[in-house]
């Protein structure tokens with residue numbers, strides 16, 4: 001019983017295998033982009049047409065250019081100028097002018113804004129107020145910037161080019177300013193400084209400390225003093241010359257007495273002190289007192 005069933009089942013399986021198609025496995029390079037596939041995928045008919053059109057346009061333009069060149073008249077040869085018009089000096093001059101224009105056309109660094117701000121800070125605020133003054137400040141800033149640019153161009157030209165000895169070339173504003181030089185400290189200076197200071201202290205008596213005290217005395221004494229008071233004389237009305245002279249003489253006498261009783265004793269006391277004349281040598285006393293006399297005369 002089992003054998004016929006097994007035989008039937010086997011027969012059915014064989015029949016099914018005959019009816020189903022065989023299993024086909026995909027190729028291993030199905031996901032790989034081969035050169036043939038890349039060329040086929042990248043092909044565009046529009047690109048080929050555009051390339052053909054561009055080639056036709058280029059060929060037409062070339063044919064038109066050739067026809068135009070064939071019809072053009074030959075160029076006229078340059079005239080032969082006399083040698084005096086094309087001398088070596090003239091060539092050097094024109095060459096210098098051309099090179100100068102090339103150098104001047106190079107970019108120039110403008111003046112820094114910090115410099116302009118520092119210059120504006122030195123101007124008092126009272127001189128910056130007002131619309132007209134603001135416009136004036138702007139024009140001055142533009143003028144300074146323009147002068148700075150011109151100076152930089154002139155310096156650049158003189159640094160790069162050598163001006164040929166041609167008389168008709170324009171003057172470029174005189175020589176350039178020399179670079180500032182510092183003080184020369186190669187030689188000792190302290191000894192000469194001390195010697196000069198001692199000479200000034202010994203001979204320039206006006207810097208003596210006593211002279212300052214004398215100036216202060218004169219200022220406090222004569223600042224509010226009136227030698228001749230004419231207000232009372234004007235109040236009297238018309239007077240004769242003799243009366244006017246007597247009145248003025250009396251006032252001058254009173255002013256002199258006041259000065260001699262107040263200012264003059266202080267001056268005498270000042271210059272009779274021992275410590276005043278300690279630093280003055282005996283041979284310099286006459287020059288010292290001459291200085292005192294001149295200062296007193298100027299005060300009076």
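The values are calculated or read from the model by the stated rules, or taken from the named source; none is laboratory data. Quick caveat, the model's predicted, so the values are computed rather than measured. Neighbour counts run over all protein chains shown; Cβ positions are idealised from the backbone, glycine included.
A few points about this structure:
- Within segment 271-285, tally of residues that are under 56 Å from the mean Cα position of the chain (by Cα) and assigned to a helix (DSSP H, G or I): 2
- Matching residues, segment 91-108, being surrounded by 12 or more Cβ atoms within 10 Å (Cβ to Cβ) and outside any helix (DSSP H, G or I): 108
- Residue 262 being in the same structural domain as residue 205 (by TED's automatic domain parsing), touching a residue at least 40 places away in the same chain (Cβ under 8 Å) and more than 30 Å from residue 199 (Cβ to Cβ): yes
- Only residues that are touching a helix residue (DSSP H, G or I) at 6+ places or on another chain (Cβ under 8 Å) and either surrounded by 12 or more Cβ atoms within 10 Å (Cβ to Cβ) or closer than 30 Å to residue 97 by Cα (or both) were counted across segment 124-157, and they come to 9.
- Residue 260 out of contact with any strand residue (DSSP E or B) (no Cβ under 6 Å at 6 or more places or on another chain), closer than 30 Å to residue 200 by Cβ and not in a loop (DSSP other than H, G, I, E, B): no
- Taking each residue of segment 277-293 that is in contact (Cβ under 8 Å) with a residue 40 or more places away in the chain and looking for partners that are exposed (fewer than 14 other Cβ atoms within 10 Å of the Cβ) with beta-carbon atoms closer than 7 Å, six or more apart or interchain, yields 284/202; 291/206.
- One residue from 22, 83, 4 being at pLDDT below 70 and either within 60 Å of the chain's Cα centre (by Cα) or surrounded by 10 or more Cβ atoms within 10 Å (Cβ to Cβ) (or both): 83
- Count - residues of segment 222-242 that are at pLDDT below 80 and in a helix (DSSP H, G or I): 6
- Count of residues meeting criterion [surrounded by 10 or more Cβ atoms within 10 Å (Cβ to Cβ) and modelled with pLDDT of 80 or more] in segment 176-194: 3
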